[in-house]
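Chemist: One structure is given below, represented as structure tokens, and several questions about it will come after.
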Amino acid sequence: MTVYETDVPGVGRKFEYELDGEDRLVVLIHHDGKREVFRRPSEDADGTKLFELNDKQAREFGTILEGAYFQPVDLDSVDVPLGESIIEWTDLPAGSSLEGESLRDAEIRQRTGTSVIAVQRDDETVANPGSEFELRAGDILVTLGTRDEQQALDDLLAA
Amino acid sequence: MAGEILIEVGIALTALAIGGALAVRVNQSVIPMYIVAGILVGPNVPTALGPIPLTLVENHEFIDVLAELGVVFLLFFLGLEFNIERLVEGWNKLVGIGTVDFVLNFGVGIAIGFAFGFTLIETLFVAGIVYISSSAVITKSLIDRGWIANPESEAILGTLVFEDILIAVYLAVLSAVALGGGGLDEAAISVGIAFAFLGGLTLLAWYGTEYVERAFTVDSDELFLLRVLGVTTLVAGGALALGVSEAVAAFFVGTAFSTTGHTHRIETVVAPARDLFAAVFFFSIGLTTDVTVIAGVAALLAVAVVATTLTKLASGTAGGFLYGLNRRRSLRVGVGLVPRGEFSLVIAALATSVGTGALGTTIPAFAVGYVLLMSILGTTLMGYADSLTAYSGEVSLSGSS
């Protein structure tokens, strides 16, 4: 990876970032924070302007590109309607003791404390499945419970 | 009385605001429109539009002061953005392109000056006015047209850097000679004083980086702005009192800042003040311009516009080849360097301040007419060059939009 950096007097700085081959992204950072991004497909081609962002947008967008984007949350105002409970997605592995059981017979709530609020099967999500619902290998159980209860479910499914 | 002055200032600033808005709308540089605004509301022709009187703003002292600050800070920023490392690094490429640019364009200016019967000093003024390209107009156009992402922008900006250092030396010598007046001895003495003073400033700029760094470290933007404005204006004023070009002094103060960590802050905090002063400078040029005098130099203007457009095209294109660019890009370098602007007017303002013979009337009027034509012609040519030299190969991404 090569980055070429040059001064643009009175404007700011220019960075050229080499993509594959001759393809280059050209980023012009203005003194006022504005970023203009161009792309030049080859040495002979003309740069085409792709987009421009202000300083704040560019920083936020940069974290997305970096893969580190998160929305900072004010911890004092966070409201946890679930109390200690969390929602987990757990795979039902082939060969599990629960395979082929209906929800009633599986007695998941009694044995682990977690409640099954939905089951994802292939592309489908069955919300609030009834007691007759039969579990199959490959199902993903969406359950509500405390961390300990979720751990108990993990252990049960693996058994 | 105070009320009248306030109204005049209000009219001046409003005229600038309207002129600037119009310029942006038609994708032109603001500089010619600021001058036109000054011509329109100033004391010279046109004096009335039907029943509406158009002599709204007199050329008051406060306009002169602000305009003078405009010159000082235009050059201060030129110094600030002047990058000695870039000049040294790219020297091998820049010296070729810069020399061709200087020899052709300054040379044709000298030829035009003598052909129209000007004296040696007057001819040097004409040559300077037609030689120097406009950093402001060109940089704006490079960004507007997207050329900034292409290799030709390197050659264009490199040439401008070379011109910057030459114009600093040129202004120092010319103002010493022109303001010193009299015989060869006096001229030699004032050139000597100029170079001693500027040499001192250069040494300070070179060795005083740490001191400047510390002296200007302050939390408040307001205090920072005042310090920069205060010191720069004081040094420029001191220079002028010694008969040294205030503009060149400001240039060296700018270079003293260019190696410190304050550069970025100056660009954000001080640039708005520069923009205001510079706008008033262009406006005041318009105020003092008598359009009838411009009409009187029509022949000179016509010859200069045609000849210097061609020489800039030629020198820029040749420079592009020296820079190792292909034909299409080299031609763009030539076209890109055609606009003239603020620095030609700075030279004209120096001519006005000398004020003897043709320097008092003809040359400033010529400079105004020339800059009006060349800034607009240059920007327009860049639009045409865009389509004439457009890349005709496969274009990804932009093709779909």
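The values are calculated or read from the model by the stated rules, or taken from the named source; none is laboratory data. Quantities reported herein were computed from a predicted structural model and do not represent experimental measurements. Heads up, the Cβs are rebuilt from the backbone with ideal geometry, glycines too, and the neighbour counts pull from every protein chain shown.
Chemist: In segment A:109-146, what count of residues is obtained for those that are more than 21 Å from residue A:159 (Cα to Cα) and surrounded by fewer than 16 Cβ atoms within 10 Å (Cβ to Cβ)?
Modeler: Adding up the residues that qualify gives 11.
Listed here are the residues, each with its yes/no results for (1) touching a strand residue (DSSP E or B) at 6+ places or on another chain (Cβ under 9 Å); (2) over 30 Å from residue B:384 (Cα atoms).
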{"position": "B:116", "(1), (2)": "no, yes"}
{"position": "B:133", "(1), (2)": "no, no"}
{"position": "B:146", "(1), (2)": "yes, no"}
{"position": "B:156", "(1), (2)": "no, no"}
{"position": "B:159", "(1), (2)": "no, no"}
{"position": "B:170", "(1), (2)": "no, yes"}
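Chemist: Has segment B:298-314 got at least one residue that is under 30 Å from residue B:205 (Cα atoms), small (Gly, Ala, Ser) and away from every other protein chain (no Cβ under 14 Å)?
Modeler: No, segment B:298-314 has no match at all.
Chemist: Filter segment A:44-61 for residues that are surrounded by 14 or more Cβ atoms within 10 Å (Cβ to Cβ) and in a helix (DSSP H, G or I); which is modelled with the lowest pLDDT?
Modeler: Step by step, filter segment A:44-61, then rank; the result is A:61.
Chemist: Is at least one residue of segment B:234-251 among the polar types (S, T, N, Q), more than 25 Å from residue B:9 (Cα to Cα) and not in a loop (DSSP other than H, G, I, E, B)?
Modeler: no
Matching residues to (1) over 22 Å from residue B:104 (Cβ atoms); (2) within 14 Å of another protein chain (Cβ to nearest Cβ):
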site: B:330; (1), (2): no, yes
site: B:337; (1), (2): no, no
site: B:343; (1), (2): no, yes
site: B:357; (1), (2): yes, no
site: B:360; (1), (2): yes, no
site: B:366; (1), (2): no, no
site: B:386; (1), (2): yes, yes
site: B:389; (1), (2): no, yes
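Chemist: Out of everything in segment B:108-144 that is within 14 Å of chain A (Cβ to nearest Cβ), in a helix (DSSP H, G or I) and not aliphatic (A, V, I, L, M), what residue ends up being surrounded by the most Cβ atoms within 10 Å (Cβ to Cβ)?
Modeler: Top of the filtered list is B:141.
Chemist: Limited to segment B:183-230, what total is found for residues that are assigned to a loop (DSSP other than H, G, I, E, B), within 29 Å of residue B:170 (Cβ to Cβ) and more than 28 Å from the chain's Cα centre (by Cα)?
Modeler: Residues meeting the conditions: 1.
Chemist: Read through the list (1) surrounded by fewer than 24 Cβ atoms within 10 Å (Cβ to Cβ); (2) modelled with pLDDT of 90 or more; (3) under 30 Å from residue A:6 (Cβ atoms), then give the number of the only condition that residue B:165 fails.
Modeler: (2)
Chemist: Also: Among the candidates A:8, A:37, single out the residue that is at negative phi, crowded, with 17+ Cβ neighbours inside 10 Å and more than 7 Å from chain B (Cβ to nearest Cβ).
Modeler: A:37
Chemist: Still on this structure, I have one more. Which of the residues that make up segment B:249-276 are more than 16 Å from residue B:84 (Cα to Cα) and either hydrophobic (A, V, I, L, M, F, W, C) or more than 14 Å from every other protein chain (Cβ to nearest Cβ) (or both)?
Modeler: Hits for segment B:249-276 are B:249, B:250, B:266, B:269, B:270, B:271, B:273, B:276.
Chemist: Answer yes if at least one residue in segment B:286-307 is touching a residue at least 12 places away in the same chain (Cβ under 8 Å), on the phi > 0 side of the Ramachandran plot and outside any helix (DSSP H, G or I), and no otherwise.
Modeler: No, segment B:286-307 contains no residue that is touching a residue at least 12 places away in the same chain (Cβ under 8 Å), on the phi > 0 side of the Ramachandran plot and outside any helix (DSSP H, G or I).
Chemist: List the residue pairs whose Cβ atoms are under 7 Å apart, where the first residue sits in segment B:208-236 and is small (Gly, Ala, Ser), the second is crowded, with 18+ Cβ neighbours inside 10 Å and in a helix (DSSP H, G or I), and the two are 6 or more positions apart or on different chains.
Modeler: Here the result reads B:208/B:256; B:236/B:72; B:236/B:246; B:236/B:249; B:236/B:250, each pair linking segment B:208-236 to a residue that is crowded, with 18+ Cβ neighbours inside 10 Å and in a helix (DSSP H, G or I).
Chemist: Can you find a residue in segment B:73-92 that is modelled with pLDDT of 90 or more, more than 27 Å from residue B:334 (Cβ to Cβ) and surrounded by fewer than 19 Cβ atoms within 10 Å (Cβ to Cβ)?
Modeler: No.
Chemist: Condition (residue is surrounded by fewer than 22 Cβ atoms within 10 Å (Cβ to Cβ), more than 29 Å from residue B:133 (Cα to Cα), in contact (Cβ under 8 Å) with a residue 40 or more places away in the chain and of a type outside the set (A, V, I, L, M, F, W, C)) applied to segment B:180-203: is it met by at least one residue?
Modeler: no
Chemist: Kindly evaluate residue A:18 against the criterion of being within 24 Å of residue B:328 (Cβ to Cβ), out of contact with any strand residue (DSSP E or B) (no Cβ under 7 Å at 6 or more places or on another chain) and more than 7 Å from chain B (Cβ to nearest Cβ).
Modeler: Taking the combined requirement at face value, the residue does not satisfy it.
Chemist: Can you confirm whether segment B:342-360 contains a residue that is crowded, with 20+ Cβ neighbours inside 10 Å, under 25 Å from residue B:120 (Cβ atoms), modelled with pLDDT of 90 or more and not aliphatic (A, V, I, L, M)?
Modeler: Within segment B:342-360, one or more residues are crowded, with 20+ Cβ neighbours inside 10 Å, under 25 Å from residue B:120 (Cβ atoms), modelled with pLDDT of 90 or more and not aliphatic (A, V, I, L, M).
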